[in-house]
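What follows is calculated from the coordinates using simple rules that are stated; it is not laboratory data. None of the values given here were measured: they were computed from a predicted structure. Every residue, glycine as well, gets a Cβ built from its backbone with ideal geometry; the counts of neighbours run over all protein chains shown.
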Amino acid sequence: MKKQTRLILALDVTSKARAVSLAEQLSTYFDAIKIGYPLILSAGIGIVKEISAYSSVITDLKIADIPNTNHLICEAALGAGASGVIAHAFPGKDSLEACAASTAVYGADLFVVTEMSHPGAELFMAPLAEQMAHLAVDVGAAGVVAPATRPERIKKIRSIIGNKTIISPGVGAQGGSASKSLEAGADYLIVGRSVYGAEDPVAAARKVLSDLQGF
């Protein structure tokens, strides 16, 4: 994944036509586009290839199953053209290793969720986030997901994973601070609704970029 704007677009729309149109309009402002269940279930797995024509695609399926099922999900996403996948760590090391093995075959990136960005993540995920970060290191993941809504958690996760990549959701609609997240150690910021839901998505993307000047 290139590192020019340090932004990843979370394209959580359900219309195939709109998704492709937004990808075409916005790809120059983002280093990658993240798509998940809303778009893939609505448009089909082929949407991965279509969006890949404009940008690197990270499939955010938050893979969390037994090893064989994890392998099959990774194969479907990576075979469709994804350059990265996001998986949960909580099913255990063997399940995460299945994802790591699949991404290695395709030369793709595995990002492991340590802690999500919504308030509810503080109940069960936050207490175990550091253990999940260690697990991401153990399986050789390319990086982790850590919340922009809680920059202090990014800093802690960074101390565990070293120079692995941190992608941080929660900037914009969820109230996360772009500058504080980058200062805490995030490599990329994930923005979604505040851009694709804006009246002028291109202007919104430019505004986010302009706010990052100096980082």
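Observations on the structure shown:
- Sites Ser21 and Leu209 - FRET efficiency at Förster radius 22 Å, r taken between beta-carbons, to 0.05: 0.65
- Spherically averaged projected area in nm², based on the convex hull that wraps the Cα atoms of the chain: 10.4 nm²
- Mean Cβ count within 10 Å, highest first, over the residues of peptides 86-96, 106-116, 203-213: 106-116, 86-96, 203-213
- Extension gain, Ala104-Lys62: 0.36 nm per intervening residue step, less the Cα-Cα distance, totals 13.3 nm.
- Between Asn163 and Lys93, the simple spin-label model (points 7 angstrom out along Cα→Cβ) gives 2.5 nm.
- Per-residue [θ]222 nm for the chain (sum of -39500 (n - 2.57) over DSSP H runs n ≥ 4, rounded to 500): -13000 deg cm²/dmol
- Relative to the current alpha-carbon distance between Glu199 and His118, full extension at 0.36 nm per residue lengthens the span by 26.7 nm.
- Note on Ser42 and Thr14: the model spin-label points, each 7 Å out from Cα along the C-beta direction, lie 0.6 nm apart.
- Inter-label distance, nm, simple model (7 Å from Cα along the C-beta direction), Lys155/Asp138: 2.8 nm
- Reference-scaled alpha-carbon Rg (2.2 N^0.38 Å with N residues) for segment 111-215: 1.08
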